[in-house]
Amino acid sequence: MVNNNTIEEEKITSVQSPEVKVQVRGLTKSFGDLLVLDDVSFDVRKGEFLCIVGPTGCGKTTFLNSLTKLYTIDEGEMLVDGEPMDLKKHDIAYIFQEYSTMSWLRVDENVSFGLRIKGYPEEVIKERVDKVLKMIGLDKYRHYYPKKLSASMLQRVVIARAFAVEPELLLMDEPYGQLDLQLKYKLEDELLRLWEKTGTTVIFITHNIEEAVYLSDRILVLTNKPAKIKEELINDLPRPRDIADPKFVELRNRVTELIKWW
């Protein structure tokens with residue numbers, strides 16, 4: 001993340017297109033008598049960076065787990081490129097809140113796991129693993145097993161694994177919550193560079209309003225449970241973004257008020 005004293009010269013621009021990548025229609029999910037998601041519908045354009053924010057406990061994680069069919073939904077449908085979402089068919093990566101490393105694999109093996117599943121050539125695997133490990137500062141830990149790493153380092157491994165695959169759709173559930181501030185800012189900027197380079201469509205869940213304004217093309221604000229879309233905000237602030245810019249502050253305050261008042 002940049003501030004008014006560290007604006008980068010590199011221009012990061014939106015790569016979204018009018019083409020719809022993801023369609024969510026009537027998404028409804030309950031746990032017993034508790035209705036968590038109530039008839040949620042929206043589209044995500046190809047190449048768009050969409051952030052979803054809402055009050056703590058409103059159902060943001062349930063939304064992503066329902067979207068990826070980790071949860072069985074009550075009603076609704078999710079389409080990718082006009083077809084029902086299928087994790088075996090569609091090139092999707094999901095970064096959870098919790099670090100999801102595989103304890104029996106070294107760091108480099110964890111990062112290369114998705115690439116090997118997809119059958120990439122060995123030279124491509126090596127190139128991508130080397131690149132992302134250097135990017136997140138774990139190159140010298142590449143032969144370590146997860147049990148030797150801190151919580152923040154484990155989450156960096158998970159982030160690197162998703163980056164390495166360069167998916168067409170990247171789902172992120174508050175991925176930077178356990179990281180220190182400096183590394184969080186670095187990875188936010190690296191995520192934007194990856195997004196710009198690859199044209200990946202991103203759905204990013206966060207409770208951090210400043211993060212949502214810094215990253216997004218568009219922000220969906222959810223209500224409290226049962227969650228619905230309260231408001232959609234277009235974020236057309238120029239990139240790279242200055243968190244001290246009055247227009248940045250104005251949008252951040254607008255989102256804050258939407259979450260604060262019910």
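Readers should treat all values here as calculations from the given coordinates under stated rules, not as data from a laboratory. For clarity, every value in this text was computed on a predicted model and none was experimentally measured. Using ideal geometry, Cβ is built from the backbone for each residue, glycine included, and neighbour counts are taken over all protein chains shown.
Quick one: pull the percentage of alpha-carbon pairs in the chain with a separation above 34 Å. Result for the distance tail: 16 percent. Each of 20, 160, 255 was scored by the projection of its Cα onto the charge dipole of the chain, and the greatest displacement toward the positive side belongs to 160; charges sit on the C-beta of Lys, Arg, Asp and Glu. In this Cβ point-charge picture (+1 for Lys and Arg, -1 for Asp and Glu), the stretch 20-232 has a dipole of about 720 debye about its Cα centre.
Going by how many other beta carbons lie within 10 Å of each one, how would you line up 180, 39, fewest first? Walk me through the numbers on the way to the answer.
Values: 180 10, 39 15.
Lowest count first: 180, 39.
Under the simplified labelling scheme, the residue 90-residue 42 pair shows an inter-label distance of 1.5 nm, with each label point 7 Å from Cα along Cα→Cβ. For the options 158, 249, 44, a Gaussian network treatment of the chain with springs between C-alpha atoms closer than 10 Å singles out 249 as fluctuating the most.
Taking the stretch 204-234 and a reference point 7 angstrom along Cα→Cβ of residue 249, the backbone N atoms nearer than 19 Å belong to 209-215. Of 204, 31, the sequence from fewest to most neighbouring Cβ atoms within 10 angstrom is 31, 204. Among 192, 215, 37, the order by Cβ neighbours within 10 angstrom, fewest to most, reads 192, 215, 37. With a simple spin-label model that places each label point 7 Å from the Cα along the Cα-to-Cβ direction, the separation between residue 190 and residue 123 comes to 2.5 nm.
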